[in-house]
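Asker: The structure under discussion is supplied below as structure tokens; questions concerning it will follow.
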Amino acid sequence: MEAEPNPSMEEEPHPSMEEEPNLECQRFYNLLQVADAKLYPGSSLSQLAVVSRMLNIKMENTLSQRGYNQMMQLLKEALPEDNTMLDNYYETKKLVRSLGLPVEKIDCCNSGCMLYWGEYEDLTSCKFCSHQRYKRRVSSRKRKLIPYKKMYYFPLIPRLRRLYASHATAADMIWHHEHIKEEGIMRHPSDSKAWKHFNETHPFFVAEPRNVRLELCTDGFQPFGHSGRKYSSWPVIVTPYNLPPGMCMKEAYMFLTVIVLGPNNPKQTIDVYLQPLIKELTLLWEMGVEAFDISKK
């Protein structure tokens, strides 16, 4: 049986109940404070802002690592001597990685039968169709085995934690519970019959309005048109619907979690590629994870 909801959970915390951020969250704040420092005294931009934009320029223009390094070194020389500009790609990646938003590269069966992940991580052929995991040739530079197919997974939990760790979003994570509702008018999914039915079915979950409501969607696209069919991709996007409509429909809060590379439509085996996400969602639903709410401490 589900436990009865505790009314006191929705009350404002007493000052004596406030806590300091846990070690993981405090580490993030420390890193962010360093990275968000001004590029040099009097600058309107921070080190993190410049690095983020430069990485975006590198990606959009397919700039080589060597070209990126040369551009960053020129910028560092052009700025005042006491600047904090990073002058190479290695240091840039190190900074971004330290902010704790990882990506997992997972090998897949070429036919989409299975992932070489979890208990099957060490297999060298598909257990369903026996297709080999790796191509016969190896990379001439690093002598690494090359998989026939792979997918990318961006863990969801670290990004959900950031929504509570940031002053810009923490308070808005209970908007779905607090906004004014008018009978017969739908402004947000929380006004719908399906949302209200869920609330009636799971009262214990509803008792804590900070629990996260998620929407999942996917579709395929070809970034280079029909001529680049073999480069097609299937992104899976998860959006938190706790936020007000003006936020949850913006790109910053539409979390890319899975990228399935083409050229074949994976809709018949989409559940195979969703396994890492399903594992995280199951953990969140059955166990939950700790997150520090900066708005209430």
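Asker: Could you say which residue among Ile106, Ile146 is modelled with pLDDT of 95 or more and within 30 Å of Gln268 (Cα to Cα)?
Answerer: Details: Ile146 fails: modelled with pLDDT of 95 or more.
Result of the check over Ile106, Ile146: Ile106.
Asker: Moving on. Within segment 85-110, count every residue that is open to solvent by 60 Å² or more (accessible area, probe 1.4 Å) and touching a helix residue (DSSP H, G or I) at 6+ places or on another chain (Cβ under 8 Å).
Answerer: Kept after step one, since they are open to solvent by 60 Å² or more (accessible area, probe 1.4 Å), are these residues of segment 85-110: 90-91, 93-94, 96-97, 101-105, 110.
If we keep only those that are touching a helix residue (DSSP H, G or I) at 6+ places or on another chain (Cβ under 8 Å) as well, we get 96, 101-102, 104.
Number satisfying all stated conditions: 4.
Table: residues versus (1) in contact (Cβ under 8 Å) with a residue 60 or more places away in the chain; (2) open to solvent by 60 Å² or more (accessible area, probe 1.4 Å); (3) hydrophobic (A, V, I, L, M, F, W, C); (4) under 19 Å from Ala165 (Cβ atoms).
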position	(1), (2), (3), (4)
Glu200	no, yes, no, no
Phe204	yes, yes, yes, no
Met249	no, yes, yes, no
Pro263	no, no, no, no
Val272	yes, no, yes, no
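Asker: Please work out which residue is surrounded by the most Cβ atoms within 10 Å (Cβ to Cβ), limiting yourself to segment 235-247 and to residues that are in contact with a helix residue (DSSP H, G or I) (Cβ under 8 Å, 6 or more places away or on another chain) and not in a strand (DSSP E or B). Even if it seems obvious, please write down each step before you answer.
Answerer: We begin by selecting, within segment 235-247, every residue in contact with a helix residue (DSSP H, G or I) (Cβ under 8 Å, 6 or more places away or on another chain); these are 236, 238-244, 247.
Cutting the leftovers down to not in a strand (DSSP E or B) gives us 241-244, 247.
On the way: Tyr241: 18, Asn242: 25, Leu243: 22, Pro244: 14, Met247: 17.
Among those that are in contact with a helix residue (DSSP H, G or I) (Cβ under 8 Å, 6 or more places away or on another chain) and not in a strand (DSSP E or B), it is Asn242.
Asker: Next question. Within the set of pairs 6 or more residues apart or between chains, which connect a residue that is more than 16 Å from Ile278 (Cβ to Cβ) inside segment 144-162 to a residue that is among the polar types (S, T, N, Q) and surrounded by 19 or more Cβ atoms within 10 Å (Cβ to Cβ) with Cβ atoms less than 8 Å apart?
Answerer: Matching pairs, first to second residue: Arg162/Thr169.
Asker: Ok, one more. Considering only residues that are under 23 Å from Lys38 (Cβ atoms), part of a loop (DSSP other than H, G, I, E, B) and over 28 Å from the mean Cα position of the chain (by Cα), which ones fall in segment 76-128?
Answerer: Passing the criteria: Leu79, Pro80, Glu81, Asp82, Asn83.
Asker: So, in segment 162-220, how many residues would count as being acidic (Asp, Glu) and part of a helix (DSSP H, G or I)?
Answerer: So in segment 162-220, the residues acidic (Asp, Glu) come out as 172, 178, 182-183, 191, 200, 208, 215, 219.
Next cut, part of a helix (DSSP H, G or I) only: 172, 178, 191, 200.
Residues in segment 162-220 being acidic (Asp, Glu) and part of a helix (DSSP H, G or I): 4 in total.
Asker: Provide a single number: the residues in segment 165-188 that are open to solvent by 40 Å² or more (accessible area, probe 1.4 Å) and closer than 24 Å to Ile278 by Cβ.
Answerer: Here the count works out to 0.
The values are calculated or read from the model by the stated rules, or taken from the named source; none is laboratory data. All figures in this text were calculated on a predicted structure; none of them were measured in a lab. Glycine gets a Cβ as well: all are built from the backbone with ideal geometry, and neighbour counts include every protein chain shown. The protein model used for the area step is the full one, side chains on, heavy atoms only, and it has no ligands, DNA or RNA in it. Shrake-Rupley method; radii C 1.70, N 1.55, O 1.52, S 1.80 Å.
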